[in-house]
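Colleague: Please see the structure below; I have some questions.
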2 protein chains.
Amino acid sequence: MNGAYSLLTTLVDHGVEVCFANPGTSEMHFVAALDAVPRMRGVLTLFEGVATGAADGYARMTGTPAAVLLHLGPGLGNGLANLHNARRAHVPMVVVVGDHATYHKQYDAPLESDIDAVARTVSGWTRRTLDCGDIAVDAVDAVTASRAGIVSTLILPADVSWSDGEPAERSLRSDHVPDPFPPEVEQVAADEDAVRDAADVLNSGAPAVLLIGGDATRMPGLSAAARIAEATGARVLCETFPARLQRGAGVPAVERLAYFAEAAEEQLRGAEHLILAGAAAPVSFFAYPGRASSLVPPGCEVHTLAQHLGATAALEALADELTSDTRVRVAPSARPDMPTGHLTAFSAAAVIGALLPEGAVLVDESNTAGIGVASATAGAPAHDVLTLTGGAIGYGMPAAIGAAIAAPGRPVVSLQADGSAMYTVSALWTQARENLDVTTVIFANGAYDILRLELHRVGAANAEAPGPRALQLLDLGSPTIDFVKIAEGMGVPGRRVTTAEELADALSAAFAEPGPHLIEAVVPSLASSAV
Amino acid sequence: MNGAYSLLTTLVDHGVEVCFANPGTSEMHFVAALDAVPRMRGVLTLFEGVATGAADGYARMTGTPAAVLLHLGPGLGNGLANLHNARRAHVPMVVVVGDHATYHKQYDAPLESDIDAVARTVSGWTRRTLDCGDIAVDAVDAVTASRAGIVSTLILPADVSWSDGEPAERSLRSDHVPDPFPPEVEQVAADEDAVRDAADVLNSGAPAVLLIGGDATRMPGLSAAARIAEATGARVLCETFPARLQRGAGVPAVERLAYFAEAAEEQLRGAEHLILAGAAAPVSFFAYPGRASSLVPPGCEVHTLAQHLGATAALEALADELTSDTRVRVAPSARPDMPTGHLTAFSAAAVIGALLPEGAVLVDESNTAGIGVASATAGAPAHDVLTLTGGAIGYGMPAAIGAAIAAPGRPVVSLQADGSAMYTVSALWTQARENLDVTTVIFANGAYDILRLELHRVGAANAEAPGPRALQLLDLGSPTIDFVKIAEGMGVPGRRVTTAEELADALSAAFAEPGPHLIEAVVPSLASSAV
C-alpha cells in the first residue's frame, strides 16, 4: 500500500470519515486512493475556504473531526480564514496539506512556499511526514491531538503519499487498537478548587454574572447554568459567538453577550464577580478610541471556573454543590406573529422565527441585518445556532455544508449577509452537488452595513459626515448583486423576495422540498437610517 | 493629521495612486481619509484575493506598486494566494494590513492572529508601525523596498491609524524629497564578468540555450536576446510563466519553456550550456515518480547572466559584445483562418487569434484549455501576456482588473479556465463597478482537466483506470456551472457560445463595446479524450 492509502485507512479507522477537498497535482494519490477506501466520503469544494469552513461546521455538529485536503501553501492560504474561525470555535479538525516531494523542495518550484509557518498560526498541532513508514502514526497523532479541540495540520509531501510503505497496522505502535468510536472532543473533569471558589462567590450574595461558553452551550451545560442561576440569583450570559448554541422551546434560555461594547458593558454593569465557564474574559471585538478594551466592570473580580473543554462538567459540579433541585426553567414555545408588508431586517427575522422547522441548524452569518433573529427565534422549536466565532467572514455558507453532512436528518437554515456571502459563494455549488438540505437566506441590504456603523463608532466620521469616497468603499449597491442568478448559476434554485408574505411563501416552499434553496431577502440598510 | 491621512499622503507623494481594498473596522480611518486625499483611487473588491491579484496585474503593466488594504490576519490569509503569485512575478506592491490597536492585542480578541508570521512568507519587507510619528517614514521605506520587485507589507494598528501625529513632511528625514516619478522597479546594471563569461560560451560554438525571464520579456530584452541568437546560433527560450511577455506582430518571437517536464526536456535537449537571464534554472513544476526535478540536461553547464532585475541590461550588454548588428527578426503579422463549427479548445484559440485587438493585454489563466492560444496569437497585433507565475489559481480575473486600471486605453482579454475562475469569481463585480474594458472568456470544459492529466502523470492511475470516486473530485459538471448567470448576477453581461461562429460574434461584440463582458465558451475536455 502507498502512503496515501495508509493515511486514508488510518483516518477512517479512527473515525474521520469525511474529507472536504480541493486537491491539486501533489494530492492526486490521495484522490486516487478514495476508490480503495470507500468508507471515506470525499466532498469536492471549488475553493479551499469552503472546505475548511465545511469541516468546521461538521465538527461543531458531531464533535468529531473531518479531514480537509488542501494543495500546498496557496491552498492553505485560501483556507486560512475559516481555519481561524475553527481555531476560535475550538473544534477538532485534521488538515492534510499536500506538498512537493521531499527531494523536489530544494528546487524552489513555482508553488514552493513556507507551508509550516502559515499552518502554525492556526494549528495547535503541526507535523510534516517525511517517511512513508511514519504516516499511520502521524495520522493517529493528528486525530488524537485534534480531540483537544484544535486544528491538526499534517503536511504530506507527494513522494510520501506515493511511496510504498508498511501497512498502516504494522507501522502503528504494537499496542495500537483502532478507536471504535468517533474521536469526540475530550472531556475534562471539573477542577474541585475552582468549583468551591465559585460556590463561595455565589453563596456570598454579591452580584455575580456567570459567563458560559465552550462546551457549556448545549443542553447539559445550559441546564447546569440555569440551576445555578435559579439557586443563587446569579445572572447567566453566553459568550458573544458560541460555536454551537442550543436554544428554543424546551431549552434553558441564555442571553448572549452583545457584540457592541457599549451594550455588553450594560449587560455586565453592577457585577462584582464574573465567573468564566468555557468563555474568555469579555473583551471588545475591536478597539475604539477612548473606550476600554476589557469589558470587565471596574472592580469586578474574575474567576475562572473552567476552560472551553470541561465547562459543562464544572457547571454540573457547581450546580450540584449549590442545589439539589434539578428542575430548570426552559424557554416556552412561542412564535412571532407573521408580519406583512415590505420586508425589513426585523420582519424578515419574524418570518424566520414563525417558520423555523423543528430541529433546525441555524448557521448565522447575517451580521448587522440579523439583529432581530435571536429574539424572533427564542421560542421556536429547539434548534442549534452556529456563529462566527473568529470574526473572519465567509464562514456561513461553507459551515452550512458541513452541518448538513453532519446532521443529514436536520434542515439547515443558513442566514447570510450579502457582503459576507461573496467571500465563499461557491459553497452553493457544493450544496447543489451533494443535494444538501440547506436553505440560504441572503439579507440583501446592498452594503457592508456593519462598517457604516463602525465608521462612526471608531470616530472616523465623528467630526463630519463621511465623504462619498469613503462611503463608496462600503457600498455593494452598484452594481446590485443578483444572488438569485448567482445561485442558479451554481445549480441552486433561487427566489428574490421583498415582502414578508413572499418570504413566508419562499421559506415554506424551501422547507417543504429537501435540497438546497436560496432566498434573496431584500431589506433596507439599518445603518443608512441610523447615520 | 492622523496616521491614516499621513499614510495616504505619503503613498501618493511617492507614486502609489491606486489602492485595492477590502477593509474592515480596523481600517475605517484609512477609508475615511480617502476623501481628504483624492489623488488616491480606492477600488473596492469583495474578496481579498481579488485585491491582491489586481495589485499584481497593475504592477505588471506599470512597473509601479499599487497599495492593497486588508483586514487583519484573515484578510491577509484570503489575499495570500495572489501575493504568492506576485512574489513569483517579482512585482512591486505595498500591502497595508490593518490590525487591532496596539493596546488591544493583549486581550486576544476574536480576530487576533499572527499577522507577521503569515506576511513574512510572501513579503520581502515586513514592518509593523507602532507609533504614528513613524508612519510616513515606514510608508516611504515600504515603497522604496518594493522597487526591488517585492511585496512590502506594512502592518498598521488601528490606533496608529487614528492617532494624531506629525505631518508627513515633518516626520520624514530632513533630506527627504518626495519622488516626483512613480517608483518603478529598480534597474540593475549588467555584471561585466557575467557578460564576458556568457560571450565566451556563446563564441565557443557549443550548443547553447539562452533562457530569459524577469525584466527581459519585453521589447528591449527580447530584441537583445534575438540579436544574440542571430549572431551566435544560440536558441532562446522564455521561462514557462513570465510575469509580462510582449509578443505578436513586430515583436521578436520567443518560445516559452513547456509546462510539462517531458516537453521541456525535449526543448532543452542537446544544450551544453544554459545561460540564465532573469530566469531561474528550469525545474519541473511538480515532482513525478521516476522523473528528475531539474530540467537541466545532464552535463549541461549553467551560467547565470542576470537575475530577474537587470536581465535586459545584461542581454543588451551581451548583444553589443557579440555583434554590432542591431537588426532583429520579428514575428510577422499573421492571423489564423476563422474556424467554423463546434467549438474546441483549438478552434476557440483560433477565433481569439483572429480577432485579438491591437494593443490587447491578454491575461492568461486558461490552463489546459488554453493549449492552442500561444500559437494562434503569435502573429496577432502586438500584445502583452500576463501568466500564472506562482501556480496559485484564481489569479486571472483579479489581475485583469489591475491591468485594465493600469492601461485604461488598452483592451484586456482575460482567458479563464472554468475551475480556476471559481476561486475569485467576485472579481467580475469589481470589473462591472469600475466599468473596466475586460472581456473574459471562460473555457468551460466542466472539469479540473489538468488534474485528469496529472492523475496519470504522477502514476496514481497507471495500473488501472482511475476509479469513479477519484474522478468525481476532478469533475465540475454536476451541477453544470452557468457562468453567464454568475456574470449577470454581478453586473457583467454574459453570453454562452458553443460554435466558432458564435464565439466570433460574441468576441466582436464585446471588443466593439467598452466595459466588461463575459463569454462562456463551451469546449470539450482534452483529458477525457486522452485518458
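Colleague: I'm checking my understanding of the structure. Among residues of the stretch A:38-67 that are buried (at least 24 other Cβ atoms within 10 Å of the Cβ) and without any contact (Cβ under 8 Å) to a residue 60 or more places away in the chain, which one is farthest from the other protein chains (Cβ to nearest Cβ)?
Modeller: So, considering only residues that are buried (at least 24 other Cβ atoms within 10 Å of the Cβ) and without any contact (Cβ under 8 Å) to a residue 60 or more places away in the chain, the one farthest from the other protein chains (Cβ to nearest Cβ) is A:Ala67.
Colleague: Moving to a separate point now. Looking at this structure, is A:Ala89 farther than 28 Å from B:Gly446 by Cβ and either more than 11 Å from chain B (Cβ to nearest Cβ) or in contact (Cβ under 8 Å) with a residue 12 or more places away in the chain (or both)?
Modeller: yes
Colleague: Which residues, taken from the stretch A:310-345, are crowded, with 20+ Cβ neighbours inside 10 Å and either in contact with a His (Cβ under 9 Å, 6 or more places away or on another chain) or among the acidic types (Asp, Glu) (or both)?
Modeller: Scanning the stretch A:310-345 gives a single hit, A:Glu316.
Colleague: Restricted to the stretch A:360-382, and to residues that are under 15 Å from the mean Cα position of the chain (by Cα) and open to solvent by less than 10 Å² (accessible area, probe 1.4 Å), which residue is farthest from the other protein chains (Cβ to nearest Cβ)?
Modeller: For the stretch A:360-382, the residue satisfying everything is A:Val361.
Colleague: Do you know which residues across the stretch B:390-405 are open to solvent by 10 Å² or more (accessible area, probe 1.4 Å) and closer than 17 Å to A:Leu111 by Cα?
Modeller: The answer is B:Gly391, B:Ile393.
Colleague: Let me ask something else about it. Would you check which residues across the stretch B:293-309 are open to solvent by less than 60 Å² (accessible area, probe 1.4 Å), hydroxyl-bearing (Ser, Thr, Tyr) and in a strand (DSSP E or B) and list them? Steps first, please.
Modeller: Start the filter on the stretch B:293-309 by keeping residues that are open to solvent by less than 60 Å² (accessible area, probe 1.4 Å), which leaves B:293-297, B:300, B:303, B:305-306, B:308-309.
Narrowing the set further to residues that are hydroxyl-bearing (Ser, Thr, Tyr) leaves B:293-294.
Matches in the stretch B:293-309: B:Ser294 only.
Colleague: Where residues in the stretch B:498-516 are more than 14 Å from B:Ala354 (Cα to Cα) and surrounded by 23 or more Cβ atoms within 10 Å (Cβ to Cβ), which of them is farthest from the other protein chains (Cβ to nearest Cβ)?
Modeller: So, considering only residues that are more than 14 Å from B:Ala354 (Cα to Cα) and surrounded by 23 or more Cβ atoms within 10 Å (Cβ to Cβ), the one farthest from the other protein chains (Cβ to nearest Cβ) is B:Ala510.
Colleague: Only one residue in B:Leu257, B:Leu237, B:Leu211 is in contact with a Ser or Thr (Cβ under 7 Å, 6 or more places away or on another chain) and more than 25 Å from B:Glu358 (Cβ to Cβ), so which one is that?
Modeller: Values: B:Leu237 fails: in contact with a Ser or Thr (Cβ under 7 Å, 6 or more places away or on another chain); B:Leu211 fails: in contact with a Ser or Thr (Cβ under 7 Å, 6 or more places away or on another chain).
Answer to the selection: B:Leu257.
Colleague: Every residue in the stretch B:112-137 that is surrounded by 24 or more Cβ atoms within 10 Å (Cβ to Cβ) and either under 22 Å from B:Val12 (Cβ atoms) or touching a strand residue (DSSP E or B) at 6+ places or on another chain (Cβ under 8 Å) (or both), please.
Modeller: B:Ile115, B:Ala119, B:Val122, B:Ser123, B:Thr129, B:Ile135, B:Ala136
Colleague: Could I ask something else about it? Looking at the stretch B:90-111, which of the residues that are open to solvent by 10 Å² or more (accessible area, probe 1.4 Å) and not hydroxyl-bearing (Ser, Thr, Tyr) is nearest to B:Arg244 (Cα to Cα)?
Modeller: Per the stated criteria, the residue is B:His90.
Colleague: Still on this structure, please answer the following. Look at B:Thr25 and say whether it is within 8 Å of chain A (Cβ to nearest Cβ) and crowded, with 24+ Cβ neighbours inside 10 Å. Steps first, answer last, please.
Modeller: Values: within 8 Å of chain A (Cβ to nearest Cβ): yes; crowded, with 24+ Cβ neighbours inside 10 Å: yes.
So B:Thr25 fits the description; yes.
Colleague: Evaluate the following for A:Val96: is it under 21 Å from the mean Cα position of the chain (by Cα), more than 21 Å from A:Tyr423 (Cα to Cα) and touching a residue at least 40 places away in the same chain (Cβ under 8 Å)?
Modeller: Against the criterion (under 21 Å from the mean Cα position of the chain (by Cα), more than 21 Å from A:Tyr423 (Cα to Cα) and touching a residue at least 40 places away in the same chain (Cβ under 8 Å)), A:Val96 qualifies.
Colleague: Consider B:Val143 carefully, then state whether it is in a helix (DSSP H, G or I), in contact with a strand residue (DSSP E or B) (Cβ under 9 Å, 6 or more places away or on another chain) and either within 14 Å of chain A (Cβ to nearest Cβ) or open to solvent by less than 10 Å² (accessible area, probe 1.4 Å) (or both).
Modeller: Considered against the rule, which asks whether it is in a helix (DSSP H, G or I), in contact with a strand residue (DSSP E or B) (Cβ under 9 Å, 6 or more places away or on another chain) and either within 14 Å of chain A (Cβ to nearest Cβ) or open to solvent by less than 10 Å² (accessible area, probe 1.4 Å) (or both), B:Val143 comes out as yes.
Colleague: Mind listing whichever residues of the stretch A:445-490 are polar (S, T, N, Q) and buried (at least 20 other Cβ atoms within 10 Å of the Cβ)?
Modeller: Residue satisfying the conditions is A:Asn445 alone.
Colleague: Suppose the filter is without any contact (Cβ under 8 Å) to a residue 60 or more places away in the chain and within 22 Å of A:Met490 (Cβ to Cβ); does A:Ala417 pass it?
Modeller: Answer is yes for this residue.
Colleague: Pairs needed: first member in the stretch B:488-505, more than 22 Å from B:Leu436 (Cα to Cα); second member anywhere, basic (Lys, Arg); C-beta distance under 9 Å; at least 6 residues apart or different chains.
Modeller: B:Glu502/B:Arg495; B:Glu502/B:Arg496
Colleague: Within the stretch B:182-229, how many residues are under 23 Å from the mean Cα position of the chain (by Cα) and either among the acidic types (Asp, Glu) or open to solvent by less than 10 Å² (accessible area, probe 1.4 Å) (or both)?
Modeller: Residues flagged as under 23 Å from the mean Cα position of the chain (by Cα) and either among the acidic types (Asp, Glu) or open to solvent by less than 10 Å² (accessible area, probe 1.4 Å) (or both) within the stretch B:182-229 amount to 13.
Colleague: Shifting gears a bit: In the stretch A:378-390, what residues are farther than 15 Å from A:Ala427 by Cβ and out of contact with any Lys or Arg (no Cβ under 8 Å at 6 or more places or on another chain)?
Modeller: Those that are farther than 15 Å from A:Ala427 by Cβ and out of contact with any Lys or Arg (no Cβ under 8 Å at 6 or more places or on another chain): A:Pro381, A:Thr387.
The values are calculated or read from the model by the stated rules, or taken from the named source; none is laboratory data. Not measured: the values here are computed from a predicted model. Note that each Cβ is placed from the backbone with ideal geometry, even for glycine, and that neighbours are counted across all protein chains shown. Surface accessibility is based on the protein's heavy atoms, side chains included, excluding ligands, DNA and RNA. Shrake-Rupley method; radii C 1.70, N 1.55, O 1.52, S 1.80 Å.
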